1. Determine the gain in length on full extension of the stretch Val91-Asn145; use 0.36 nm per residue of separation and subtract their C-alpha separation, reporting nm with one decimal.
2. Suppose a student asked you for the relative contact order of segment 76-156, using Cα pairs under 8 Å spaced at least 6 residues apart; what percent would you report?
3. Shape call for segment 76-156 from the C-alpha gyration tensor, a ≥ b ≥ c root eigenvalues: rounded (a/c under 1.5), prolate (a/b greater than b/c) or oblate?
Amino acid sequence: MGAQIFGSPLGQMTSGLGVPEPPQETDTHVAQEAALASATIPAPAETTSPASPVKPAPAQTSSRIPATRAGRAWIRVFPALVLMAVTLTFVLQNLETAKVRFVTFSGRLPLGVALLVAAGLGAVVMLTLGSVRIVQLRRLVHRSNRVARGNAHDDRS
């Protein structure tokens, strides 16, 4: 008899119409394919020649959603909301009136509001001092960049 491939002569079975049908898979063929798929292939030895640089395999991406600007903004807003809630609680729990004097102004305010105004004025003072320092540092960087550019032009001549 001729060569047998997939259980039929030369791998072709014909239906009653003479059309070749695909070979039927048997349990032995499925087992052979599973054995081949699960076989481990040894990794090739790494070479350090410059002609064939070895590229690392790309890192597997996790299923996490990437961070966005809006997400980072909410992360920054959340502590501010907590601070505002704590401040509001402080003011509402300290509603006893207190006499407040500042230079020539005097009056009666709830204690919590007076302390909140004092903290606000302190924050404005600190913001002003910090802004002045930032302006000073920017000017210093701009001057050093101009000097560096001037030296670069001198080197070309």
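Every number in this text was worked out from the coordinates using simple rules, so none of it is lab data. Please read these numbers as outputs of a predicted model, since none were measured by experiment.
1. Extra length from Val91 to Asn145 when fully extended: 14.5 nm.
2. The normalised contact order for segment 76-156 reaches 18 percent.
3. Oblate.
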